[in-house]
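Student: Attaching a single structure in structure tokens format; questions to follow.
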Amino acid sequence: MTWKVLLIGLGDIGFKYDLKEPKNIVQTHARAFDLHDKFELVGGIDPSIENREKFEESYGICTFKNIISAFESMKADVVVIASPTNFHLENLKEVLLCCKPKVILMEKPAAYLKEEAHEMSRMSLKSSVPILINLVRRVDISVKEIMKKINKGVIELPCKGVVWYSKGLIHNACHFIDLLSLWLGAPKKIDVLNPGRKINDFDCEPDLCVYFSDSSVYFLAIDNEDFSYYNIELLAKNGKLNFGNGDVPISWQVKSKINSGLEPKFYKIINELHQYQLNIVNDIERFLNNQSILIPTLEAHIKTLDLVYESTSIIRMNNE
């Protein structure tokens with residue numbers, strides 16, 4: 001069986017990131033679904049004429065200016081909402097007005113505002129259309145390997161950690177809070193240590209301490225508009241885990257048996273971040289075949305967002 005896919009949003013994550021990359025680099029929805037033999041990419045939607053023309057030239061697939069005109073011409077089993085976050089709610093309303101897909105894949109974050117996120121959740125429940133959130137690191141083999149090491153006690157919890165992040169608490173840091181919840185348990189509380197800077201009407205870059213089950217992790221913002229950066233360093237009872245953004249290998253370093261330091265040897269953990277979007281599509285296939293997945297539902301995503309929304313609300317009130 002082949003599922004038909006309609007892509008809303010022909011920007012960077014939609015189809016541009018890997019446009020000039022070799023075929024083994026899969027960083028966009030378009031390339032991932034196009035490469036997968038169980039899916040057929042049938043159309044793209046974007047208000048930009050330039051984006052539509054580039055997409056048609058690259059994939060030979062028809063495009064549309066808006067959602068309603070697209071559904072007048074075709075049907076879709078899978079709808080991807082990869083438009084800017086501010087348009088997610090509006091796009092979701094239009095999709096559900098036109099059709100009832102088997103699943104919707106939505107870019108993170110679902111919404112900048114708590115009210116919009118919860119409205120989308122109600123719409124999903126009422127329509128019986130599940131919404132999954134595109135948190136790509138959840139499905140990487142390195143993340144699964146670290147989960148195994150924690151579950152087997154190779155990495156001993158509790159731990160303390162530091163996360164460097166950029167480009168927004170809601171937009172980016174929530175991704176890493178979600179990732180850490182797989183390893184450390186659901187986040188319980190967030191303390192704002194420094195309100196940081198406001199980056200738009202909805203998001204900011206504070207320094208935080210996030211408390212998980214028995215572990216605590218400090219989130220430190222990088223004031224940088226020119227590049228995205230993240231790095232996770234966790235100090236467990238018996239060693240150090242480093243989860244970087246590509247410039248440093250993902251590694252586990254154990255506590256020395258002869259002194260109070262760490263062993264000089266690093267145990268590298270393999271990743272597939274070069275094809276992160278294809279791994280998401282593989283999980284979508286498992287979902288459609290009623291198998292277990294690691295991609296979070298909108299409802300699970302909102303549990304993390306609610307803590308983040310509370311933090312941004314506190315920051316706004318303190319700055320008024």
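The values are calculated or read from the model by the stated rules, or taken from the named source; none is laboratory data. In this text, all values refer to a predicted model and were calculated from it rather than measured experimentally. Glycine also receives a Cβ, built like all others from the backbone with ideal geometry; neighbour counts cover every protein chain displayed. For the accessible areas, the whole protein counts, side chains as well, though only heavy atoms, and no ligand, DNA or RNA atoms are used. Shrake-Rupley method; radii C 1.70, N 1.55, O 1.52, S 1.80 Å.
Student: Read through the list (1) in contact with a strand residue (DSSP E or B) (Cβ under 9 Å, 6 or more places away or on another chain); (2) within 30 Å of Thr2 (Cβ to Cβ), then give the number of the only condition that Asn282 fails.
Tutor: Asn282 satisfies every listed condition except (1).
Student: What residue, of Ser127, Ser142, Ser121, is farther than 22 Å from Ala173 by Cα and of a type in the set (S, T, N, Q)? Steps first, answer last, please.
Tutor: On the way: Ser142 fails: farther than 22 Å from Ala173 by Cα; Ser121 fails: farther than 22 Å from Ala173 by Cα.
Just a single option satisfies the conditions, and that option is Ser127.
Student: Additional query: Anything in region 188-202 that is within 10 Å of Ser311 (Cβ to Cβ) and touching a Pro at 6+ places or on another chain (Cβ under 7 Å)? List them, or say none.
Tutor: Val192, Pro195
Student: Here are Ile8, Ile49, Ile61, Ile25: which of them is out of contact with any helix residue (DSSP H, G or I) (no Cβ under 9 Å at 6 or more places or on another chain) and of a type in the set (A, V, I, L, M)?
Tutor: Numbers: Ile8 fails: out of contact with any helix residue (DSSP H, G or I) (no Cβ under 9 Å at 6 or more places or on another chain); Ile61 fails: out of contact with any helix residue (DSSP H, G or I) (no Cβ under 9 Å at 6 or more places or on another chain); Ile25 fails: out of contact with any helix residue (DSSP H, G or I) (no Cβ under 9 Å at 6 or more places or on another chain).
Of the residues listed, the single one that is out of contact with any helix residue (DSSP H, G or I) (no Cβ under 9 Å at 6 or more places or on another chain) and of a type in the set (A, V, I, L, M) is Ile49.
Student: Of everything in region 5-36, what is open to solvent by 20 Å² or more (accessible area, probe 1.4 Å), farther than 18 Å from Asp140 by Cβ, touching a residue at least 24 places away in the same chain (Cβ under 8 Å) and assigned to a loop (DSSP other than H, G, I, E, B)? Give them in sequence order.
Tutor: Scanning region 5-36 gives Gly11, Leu19.
Student: I would also like to ask the following. Looking only at region 232-272, count how many residues are open to solvent by 70 Å² or more (accessible area, probe 1.4 Å) and aromatic (Phe, Trp, Tyr).
Tutor: Count: 2.
Student: Taking the residues in region 168-199 that are in contact with a helix residue (DSSP H, G or I) (Cβ under 9 Å, 6 or more places away or on another chain) and part of a loop (DSSP other than H, G, I, E, B) as candidates, determine which candidate is least open to solvent (accessible area, probe 1.4 Å).
Tutor: So in region 168-199, the residues in contact with a helix residue (DSSP H, G or I) (Cβ under 9 Å, 6 or more places away or on another chain) come out as 168-171, 173-179, 181-184, 186-192, 195-196, 198-199.
Next cut, part of a loop (DSSP other than H, G, I, E, B) only: 168, 186-188, 199.
Numbers: Gly168: 0, Ala186: 73, Pro187: 25, Lys188: 131, Ile199: 58 Å².
Result: Gly168.
Student: Filter the helices (runs of 4 or more DSSP H) completely within region 84-167 down to those with at least 3 residues that are over 26 Å from Ile270 (Cβ atoms) and over 18 Å from the mean Cα position of the chain (by Cα). Walk me through it before giving the result.
Tutor: Details: elements: 88-98, 114-127, 141-151.
Per the criteria, 88-98, 114-127.
Student: Still on this model: Limited to region 44-65, what total is found for residues that are surrounded by fewer than 20 Cβ atoms within 10 Å (Cβ to Cβ) and either small (Gly, Ala, Ser) or touching a residue at least 60 places away in the same chain (Cβ under 8 Å) (or both)?
Tutor: Count: 3.
Student: Those residues that are open to solvent by 30 Å² or more (accessible area, probe 1.4 Å) and either closer than 20 Å to Ala70 by Cβ or free of Cβ contacts under 8 Å to residues at least 40 places away in the same chain (or both), I need them from region 100-126; list them, please.
Tutor: Across region 100-126, the qualifying residues are Lys100, Lys102, Glu115, Glu116, Glu119, Arg122, Met123, Leu125, Lys126.
Student: Now a separate question. Search region 74-86 for residues that are under 10 Å from Cys99 (Cβ atoms) and open to solvent by less than 40 Å² (accessible area, probe 1.4 Å) and pair each with any residue that is among the β-branched types (Val, Ile, Thr) and at pLDDT 95 or above when their beta-carbon atoms are under 7 Å apart and the residues are at least 6 apart or on different chains.
Tutor: Matching pairs, first to second residue: Met74/Val42; Ala76/Val5; Ala76/Val42; Val79/Ile8; Val79/Val95; Val79/Ile104.
Student: Taking Met1 and the conditions (1) in a helix (DSSP H, G or I); (2) over 23 Å from His171 (Cα atoms), which numbered condition does it fall short on, given that it satisfies the others?
Tutor: Met1 satisfies every listed condition except (1).
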